[in-house]
Amino acid sequence: MNLVDSYGRKVDYLRISITDTCNLNCTYCSPPFSGRAHLQRAEILSYEELTILAESAVAAGISKIRITGGEPLVRRGAVDFCRMLSGIDGLADLSLTTNGIRLAELAGPLFDAGVRRLNVSLDTLRRDRFATITGRDGLDRVLAGIGRAEAIGFDPIKINTVVMRGVNHDEVAELAGWTCKKPYQVRFIELMPFQNGTGTPHRELYMPIREIMSLIPGINCSRIGQADTSSGPARLCVLPGAIGKVGFIAPLSWHFCGSCNRLRLTADGKIRTCLFSQTEIDLKTPLRNGAAKKELIDIFRDAVQTKSQGHRLNENAFQCSSKRGMYAIGG
Ligand code: SAM
């Protein structure tokens, strides 16, 4: 079964946020702890409820699911939930996005539960800077987690780095150089204009992808590939002699809405058809009112038809007016 939206895009990928809480407080992702509006416990769907929705999504045409958050690995039972999902008939791919803080202890159980692909967010290789950006002295734990995931056999391991001018842009070359020693995909991401806690306006922190690329010695821009289904929105290249890959994700400079294949499901059961959606489609109410599977499948199908053509951020002076912060959507 194919899910195709009204612009002819095949939608086969669902990102499920299982919690809006996080064990880090990255300045660019969320307001300070005191300014965060968290979901009440009763609003958050149970794993059984999320599994029913995931099964309905797969029946509607979704074949790839990524688990995200908040930080998914802080929710108790996350590994068991992954196991529940990997048993869904028709689900071809199960992946997870994490900040890596709990990865060293959970990489093995996640692999056993059927997760094969991991994205780890890491914006710096400097311990003090990590603490400044995230509010926690956790770099060693993240690096240990990445090492453990590699040893266990996760492939690919993608490292996601949001580049911010004056914060970590001076580490782009070093992070890219990591791919000469490690088989990772290090992906540089343009900062998106979500509400944040840096106190600095987005336009001052934002660095366009061309400028990010120019910071990497030896890069051959003409050899940078196009995004494809295996790399998602990233355009990849290989540095001379590297065993890993460097990727570039530019939601503003090269927005990839024309090939967007995603839906998002929030921890309280709302479908977002775009990361920057102003509106959400409620699945929790029908689910808790006892809707039949067929009804839930139809809600996914109808939601896909409302997917907008593009995020239009570039037309909107870089303002995102989403009611939820990134930590409550899942990226
Ligand atoms: N806790 C998990 C993690 O750290 O990967 C999953 C959730 S986090 C919201 C998902 C991704 O969103 C992270 O890679 C993070 O860097 C990215 N992100 C958050 N705010 C962003 C922003 N304003 N612009 C670009 N990426 C952002």
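With r as the distance between the Cβ atoms of ASN23 and ARG312 and R0 = 41 Å, compute the FRET efficiency 1/(1 + (r/R0)^6) and round to 0.05.
0.75
Could you calculate the FRET efficiency of GLU211 with MET1 from 1/(1 + (r/R0)^6), where r is the beta carbon distance between them and R0 is 56 Å, rounded to 0.05?
According to the calculation, E is roughly 0.85.
Determine, for the chain, the count of lysine pairs separated by eight or more sequence positions (or lying on different chains) whose alpha-carbon distance falls under 23 Å.
29
Using only the Cα atoms of the range 1-134, what are the Rg and Dmax in Å?
When restricted to the Cα atoms of the range 1-134, Rg and Dmax are 16.2, 49 Å.
Could you give each residue of the range 232-245 its phi-based ³J(HN,Hα) in whole Hz, using Karplus coefficients 6.51, -1.76, 1.60 with θ = phi - 60°, and x for Gly or Pro?
Those phi angles translate into x, x, 7, 9, 10, 8, 10, 6, x, x, 7, 9, x, 10 Hz.
Given the peptides 59-66, 193-200, arrange them by the average over their residues of other C-beta atoms within 10 Å, most packed first.
59-66, 193-200
Working from the alpha-carbon coordinates of the range 153-285, get Rg over Rh, Rh being the Kirkwood radius.
1.01
Top mean-square fluctuation among ASP298, ASP89, ASP137, Gaussian network model of the chain, C-alpha springs under 10 Å?
The residue with the greatest mean-square fluctuation here is ASP89.
Where the centroid of each part is defined by its Cα atoms, how far is the range 184-209 from the range 6-71 in Å?
Taking the Cα centre of the range 6-71 as reference, the centre of the range 184-209 is 21 Å away.
Taking only the C-alpha atoms, wrap a convex hull around the range 1-47 and report its volume per residue in Å³ as a whole number.
163 Å³
Note down the Stokes-Einstein diffusion coefficient of the range 89-212 in µm²/s, whole number, using a Kirkwood radius over alpha carbon pairs, 37 °C, and 0.692 mPa s.
After rounding, the answer is 212 µm²/s.
Given the options ARG210, ARG262, ARG116, state which has the largest fluctuation in a GNM of the chain using a 10 Å cut-off (strictly under) for Cα springs.
Judging by the Gaussian network model, the answer is ARG210.
May I ask you to derive the FRET efficiency for GLU105 and GLU43 from their Cβ-Cβ distance with R0 = 22 Å, giving the value to the nearest 0.05?
It comes out at approximately 0.20.
Per the helix-only calculation at 222 nm, which mean residue ellipticity applies to the chain, given -39500 (n - 2.57) for every DSSP H run of n ≥ 4 and division by its residues, nearest 500 deg cm²/dmol?
Estimated from H runs of four or more residues: -7500 deg cm²/dmol.
Heavy-atom accessible area per residue, the range 13-328, 1.4 Å probe: how many Å²?
Spelled out: the 1.4 Å probe surface of the range 13-328, per residue, equals 42 Å².
Translational diffusion coefficient of the range 55-120 at 37 °C, 0.692 mPa s, Stokes-Einstein with Kirkwood Rh over Cα pairs, in µm²/s as a whole number.
The Stokes-Einstein estimate is 274 µm²/s.
Would you please state the base-10 log of I(q)/I(0) at q = 0.16, 0.22, 0.25 1/Å for the range 130-194, with intensities from the Debye formula using one equal scatterer on every alpha carbon?
-0.62, -1.11, -1.28
Given the chain, what whole percent of its Cα pairs are spread farther than 35 Å?
Within the chain, distances greater than 35 Å cover 16 percent of Cα pairs.
The values are calculated or read from the model by the stated rules, or taken from the named source; none is laboratory data. Quick caveat: nothing in here was measured; it's all calculated off a predicted structure. All Cβ positions, glycine included, derive from the backbone under ideal geometry; neighbour counts span all protein chains shown. Please note that ligands, DNA and RNA were not included when accessible areas were found on the heavy atoms of the full protein model with its side chains. Shrake-Rupley method; radii C 1.70, N 1.55, O 1.52, S 1.80 Å.
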